[in-house]
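The values are calculated or read from the model by the stated rules, or taken from the named source; none is laboratory data. What you see is a predicted model, and the numbers here were worked out from it, not measured in a lab. Cβ placement follows ideal geometry from the backbone for every residue including glycine, while neighbour counts extend to all protein chains displayed.
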């Protein structure tokens, strides 16, 4: 898949968008990874997907598992919030800190 654009948004909820041709892979701290047809989005503007599907693996799957999740296809069910970004300290911050690039 060609990767044509990538951006991060740091708040409410934090997310990352990876545009893959006509589709986009979006990670956010409430739902985990979603894949759908890219409609719109840019840094600072929430990404909009048409017909998004949840890839599964929880909110923060092991990054090495993401290619498998993409190959496997959507998890059962519609995208639902797995956690609230307003929930306070629930361990996600600690897990994210483990991925810091030094």
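A few points about this structure:
- Condition met for residue 56 (at pLDDT below 90, within 17 Å of residue 17 (Cα to Cα) and part of a loop (DSSP other than H, G, I, E, B)): yes
- Selection status of residue 82, surrounded by 12 or more Cβ atoms within 10 Å (Cβ to Cβ), modelled with pLDDT under 80 and part of a loop (DSSP other than H, G, I, E, B): yes
- The range 66-79, residues that are farther than 16 Å from residue 27 by Cα and either within 14 Å of the chain's Cα centre (by Cα) or at pLDDT below 70 (or both): 76, 77
- When the range 10-40 is limited to residues that are touching a helix residue (DSSP H, G or I) at 6+ places or on another chain (Cβ under 9 Å) and not in a strand (DSSP E or B), the one that is nearest to residue 75 (Cα to Cα) turns out to be 29.
- Residue in the range 56-65 that is under 13 Å from the mean Cα position of the chain (by Cα), more than 20 Å from residue 94 (Cβ to Cβ) and buried (at least 19 other Cβ atoms within 10 Å of the Cβ) present: no
- Residue match in the range 62-77 (condition: free of Cβ contacts under 8 Å to residues at least 40 places away in the same chain, under 21 Å from residue 7 (Cβ atoms) and not in a helix (DSSP H, G or I)): no
- Index of the failed condition, residue 45 passing every other in (1) modelled with pLDDT of 90 or more; (2) farther than 22 Å from residue 99 by Cβ: (1)
- Extreme residue, surrounded by the most Cβ atoms within 10 Å (Cβ to Cβ), among residues of the range 20-43 that are over 10 Å from the mean Cα position of the chain (by Cα) and within 20 Å of residue 61 (Cβ to Cβ): 36
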